[in-house]
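Down below is the structure, laid out as structure tokens.
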Amino acid sequence: MSIIQIEHLSKTFDSKENQVHALNDVSLSIEEGEIFGVIGLSGAGKSTLVRCLNLLEVPTSGTVTIGGKNLLELSKEELRRERQSIGMIFQHFNLLMQRNVLDNVCFPMEIAGISKKTARKKALEYLRTVGLEEKAKAYPVQLSGGQKQRVAIARVLASNPGIILCDEATSALDPQTTRTILELLKKINKEYGITIVLITHEMRVVEEICDRVAVLYHGHLEEIGSVQEVFGNPKTRAAKSLILARQSEQLEEEINREVEYGNV
Amino acid sequence: METSDIFRMLWAGTGETLLMVFASTALGYVIGLPVGVLLTISDTDGICPHPLLYKILDIIINITRSIPFLILLILIQPFTKFVVGKSYGTVATIVPLTIAAVPFIARMVEGSLKEVDHGVVEAALSMGAGKMTIVIKVLIAEARTSLLVGVTIALGTILGYSAMAGIVGGGGLGDIAIRYGYYRYETGIMLITVLVLVILMQVLQWLGTLLSKKLDRRRG
């Protein structure tokens with residue numbers, strides 16, 4: 001049985017003038033221990049999809065089943081408990097700015113009712129995992145973007161999750177930092193066996209760490225399969241246009257490099 | 001009047017004023033802080049949206065805030081008398097001051113709490129935090145600098161109001177300024193009183209700014 005199962009998921013946002021169908025009858029399943037990517041252009045519904053996985057966004061119709069439990073049938077209290085085992089990291093890190101790094105990592109353990117002493121000990125361990133133990137007493141404002149995301153990852157580990165959702169987790173970072181964060185996610189996936197669902201608009205992120213990928217286009221699931229399958233032999237226009245965008249991006253990078261070296 | 005008498009009077013007046021200001025601000029926060037929290041979380045993008053509750057609170061606050069303080073002071077005299085037993089003097093003035101402070105404080109608290117990045121609230125929700133935890137450990141804790149600036153503004157405003165209460169025998173420095181300066185044309189005493197008020201305001205502002213800066217971790 002898949003760890004995450006989405007069936008006929010739809011989400012419509014009502015505004016005064018019109019309705020926006022952010023997700024349209026999306027069904028997919030994600031296996032335990034895999035790194036699953038969801039890619040699409042902005043406005044494709046990726047963020048809505050990942051937010052439906054912990055019900056930060058409540059779907060209009062369809063079901064979200066995690067570890068055999070249908071989230072939509074849970075009581076508020078049960079949902080809170082379930083959320084403690086689904087970690088989430090964000091594009092803008094979303095750390096508590098008035099708490100130092102250590103207390104940020106302690107926060108989910110505070111919520112879970114773990115004693116302060118135990119929490120601090122564990123928090124230091126998680127900070128060691130992400131390579132930031134020497135920054136325990138620093139405040140988020142003193143950290144770089146990459147360091148903030150590491151703290152966010154340590155914080156997510158603190159809730160001892162089975163699943164980590166990444167909402168454009170590397171989109172605010174430069175390519176070099178992106179790579180180190182992706183390496184870290186890979187390591188966590190291997191060492192802790194945590195399933196990772198990551199959404200992104202950057203193909204290189206998917207290429208770098210995902211096992212399987214789903215392509216979203218205007219709220220529809222266009223294509224799903226292994227990264228090699230989808231990117232090597234795209235069947236839909238949405239996937240093809242993503243690959244074209246990636247190629248032009250690579251070309252641009254190459255030109256920039258040449259310009260930098262003074263070859264042009 | 002002997003200089004020592006004037007000094008004694010001003011000393012007592014300052015004490016009365018400080019009592020009124022701090023008591024009303026404290027009581028104002030006892031009611032205003034929860035109301036501000038309710039406004040924040042019941043608004044459409046809050047953690048438990050409740051448009052009707054928000055609208056009701058919104059209207060009540062707007063009504064009470066639009067009544068000039070001097071009118072409010074007179075309007076609620078029967079109520080003040082019912083609560084304190086008399087409608088003049090320092091303790092009695094705390095009642096209208098508190099009533100004027102609550103809606104004002106609630107609005108400032110709302111403003112401060114809404115400054116907290118929604119992403120951080122979302123992160124706490126994703127960790128399975130309950131509403132109380134989010135209010136106390138995320139909203140209030142993250143907005144503490146802004147909340148403290150609000151406290152300073154509230155103290156300053158109430159200080160101004162407390163002086164106005166002198167018109168109806170409210171006690172404190174305002175009372176002295178009005179009795180001596182306005183009714184008896186003793187401009188000297190009035191000016192000294194105003195000077196003391198100015199100093200009080202400066203000290204409050206300085207302390208408030210100092211404290212909020214000291215507690216702010218967002219500056220490296």
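Assorted remarks:
- Answer residue from region B:117-134, given it is open to solvent by less than 40 Å² (accessible area, probe 1.4 Å) and outside any helix (DSSP H, G or I) and is farthest from A:F107 (Cα to Cα) among those: B:G130
- Any hit, region B:3-17, residues being of a type in the set (S, T, Y), modelled with pLDDT of 95 or more and more than 15 Å from B:I176 (Cβ to Cβ): no
- Hits in region A:170-180 (condition: surrounded by fewer than 23 Cβ atoms within 10 Å (Cβ to Cβ) and more than 12 Å from chain B (Cβ to nearest Cβ)): A:S171, A:L173, A:D174, A:P175, A:Q176, A:T177, A:T178, A:R179, A:T180
- Residue, farthest from the other protein chains (Cβ to nearest Cβ), within region A:84-110, restricted to residues that are in contact with a Gly (Cβ under 8 Å, 6 or more places away or on another chain) and open to solvent by 30 Å² or more (accessible area, probe 1.4 Å): A:S85
- Any helices (runs of 4 or more DSSP H) falling wholly within region B:45-116 and containing at least 3 residues that are free of Cβ contacts under 8 Å to residues at least 12 places away in the same chain: B:51-66, B:77-84
- Residue within region A:111-121 that is open to solvent by less than 50 Å² (accessible area, probe 1.4 Å), at pLDDT below 95 and at positive phi present: no
- Taking (1) at pLDDT 95 or above; (2) within 24 Å of B:P34 (Cβ to Cβ) in turn, B:A123 satisfies each apart from (2).
- Filtered residues of region A:126-149 (kept if hydroxyl-bearing (S, T, Y) and surrounded by fewer than 15 Cβ atoms within 10 Å (Cβ to Cβ)): A:S144
- Residue count for region B:135-174, restricted to those that are closer than 11 Å to B:L113 by Cα, within 12 Å of chain A (Cβ to nearest Cβ) and part of a helix (DSSP H, G or I): 10.
- Within region B:141-161, the residues that satisfy the criterion of being open to solvent by less than 40 Å² (accessible area, probe 1.4 Å), within 8 Å of the chain's Cα centre (by Cα) and under 15 Å from B:L33 (Cα atoms) are B:A154, B:L155.
- Residue in region B:176-193 that is part of a helix (DSSP H, G or I), within 20 Å of the chain's Cα centre (by Cα) and of a type outside the set (D, E) present: no
- Filter pass, B:T40 being hydroxyl-bearing (S, T, Y), within 29 Å of A:L55 (Cβ to Cβ), buried (at least 16 other Cβ atoms within 10 Å of the Cβ) and modelled with pLDDT of 95 or more: yes
- When region B:105-119 is filtered for residues that are at the interface with chain A (Cβ under 10 Å from one of its Cβ atoms) and in contact with a Phe, Trp or Tyr (Cβ under 9 Å, 6 or more places away or on another chain), only B:G119 remains.
- Here B:S24 fulfils each of the conditions (1) polar (S, T, N, Q); (2) at pLDDT below 95; (3) open to solvent by less than 70 Å² (accessible area, probe 1.4 Å) apart from (2).
- Selection from region A:57-83 of residues that are more than 8 Å from chain B (Cβ to nearest Cβ) and buried (at least 19 other Cβ atoms within 10 Å of the Cβ): A:P59, A:V64, A:I66, A:L71
- Apart from one condition, A:E32 fits all of (1) part of a loop (DSSP other than H, G, I, E, B); (2) within 14 Å of chain B (Cβ to nearest Cβ); the exception is (2).
- Some residue of region A:151-169 being open to solvent by less than 10 Å² (accessible area, probe 1.4 Å), in contact with a Lys or Arg (Cβ under 6 Å, 6 or more places away or on another chain) and assigned to a loop (DSSP other than H, G, I, E, B): no
- Qualifying residue in region B:166-183 (condition: in contact with a Leu (Cβ under 9 Å, 6 or more places away or on another chain), open to solvent by 20 Å² or more (accessible area, probe 1.4 Å) and within 26 Å of B:I71 (Cβ to Cβ)): yes
- Of the helices (runs of 4 or more DSSP H) lying entirely inside region A:181-262, those containing at least 3 residues that are surrounded by fewer than 20 Cβ atoms within 10 Å (Cβ to Cβ) and out of contact with any Lys or Arg (no Cβ under 9 Å at 6 or more places or on another chain) span A:237-261.
The values are calculated or read from the model by the stated rules, or taken from the named source; none is laboratory data. Here the structure is a predicted model, which means the values were calculated and not measured. When we count neighbours, we look across all protein chains shown, and the Cβ atoms used for this are built from the backbone with ideal geometry, even at glycine. SASA here: full protein model, heavy atoms, side chains in, ligands and nucleic acids out. Shrake-Rupley method; radii C 1.70, N 1.55, O 1.52, S 1.80 Å.
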